[in-house]
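Following: one structure in structure tokens, then a few remarks.
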Amino acid sequence: MLISRFMRRNPFGVDICCRKRSRSPLQELYNPIQLELSNTAILHQMRRDQVTDICRANSAMSRKRRVLTPNDLKHLVVDEDHELIYCYVPKVACTNWKRLMMVLTGRGKYSDPMEIPANEAHVSANLKTLNQYSIPEINHRLKSYMKFLFVREPFERLVSAYRNKFTQKYNTSFHKRYGTKIIKRQRKNATQEALRKGDDVKFEEFVAYLIDPHTQREEPFNEHWQTVYSLCHPCHIHYDLVGKYETLEEDSNYVLQLAGVGGYLKFPTYAKSTRTTDEMTTEFFQNISSEHQTQLYEVYKLDFLMFNYSVPSYLKLE
């Protein structure tokens, strides 16, 4: 009954969840014909090679911890029906990708990703992550499912996280949890109100907090400003596809095509006027000293190198 109801409601008239194909997404991706003929396949091969090269060049640092723990896998969302694993990175279209994963794994419960409220997409119970499986099950899925992630220019992502978490009045939990701590540690002569509310953190204070050795020792970064390297472990997990925020639609639809659902499921598009741009990021960095810029670049250096982002022209590195 559920499936037939879904068939009527779904504008595409196709049951998304359970179509079994002759080839899995992984086989589809590495199909020799695809590799020979498709510029897209060649581009993604180059992105994979870049990650591999940087991991190798930084092997001493990147392999500090040789064994991943289940806790390291909590960002990897699993789709059993289409044999996909998606590592979500906050501030890189992860809300829309979680919505898509809910459509893919929902077995008919959802048909239009944009009908899923954003807050529902972030409810952990709505998606299954790799850390919920046994070790043999984890290893099997890492070996046979297509693994992908999406990345973004690191400092643009950082400014996006700052704007969202520290300049929006509704984010009181972040103001209390991090804002009060940042102001206490970084602001001289802070008012009692600022210390209590934590809702007026300056970008310079946020940067100072990130590069403070005390912060690094105290606890892991929050996922919104944690490096992709630390969230998704690309030197331990071989990602078959590295999508980029700059080519978000093309890369997303390529993933859906490989999964065999591209004919009736597309990445949601909408123009977001508040989006953090390169020009905006340049402005935010104008008041950051060259010393702090250099230290911050060191924190995110592996993300810059691994995903082939050049050093921003506005930086004044020492």
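Just checking, which of 223, 204, 219 is over 30 Å from residue 28 (Cα atoms) and at pLDDT below 95?
219
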- Message: Looking at the structure I just gave you, is residue 98 touching a Gly at 6+ places or on another chain (Cβ under 9 Å) and surrounded by 14 or more Cβ atoms within 10 Å (Cβ to Cβ)?
- Response: no
- Message: So in the range 10-43, with the set limited to residues that are at pLDDT below 60 and among the acidic types (Asp, Glu), which one is most open to solvent (accessible area, probe 1.4 Å)?
- Response: 36
- How many residues, within the range 287-296, are at pLDDT 95 or above and open to solvent by 20 Å² or more (accessible area, probe 1.4 Å)? 6
- Task: Could you tell me whether residue 318 is outside any helix (DSSP H, G or I), free of Cβ contacts under 8 Å to residues at least 40 places away in the same chain and surrounded by fewer than 12 Cβ atoms within 10 Å (Cβ to Cβ)?
- Result: yes
- Tell me, which residue of the range 159-182 that is charged (D, E, K, R) and under 21 Å from the mean Cα position of the chain (by Cα) is most open to solvent (accessible area, probe 1.4 Å)? 163
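The values are calculated or read from the model by the stated rules, or taken from the named source; none is laboratory data. Here the structure is a predicted model, which means the values were calculated and not measured. A quick note on method: Cβ atoms are made from the backbone with ideal geometry, for glycine too, and the neighbour counts reach across all protein chains shown. Just the protein is used for accessible areas: all its heavy atoms, side chains included, with ligands, DNA and RNA removed. Shrake-Rupley method; radii C 1.70, N 1.55, O 1.52, S 1.80 Å.
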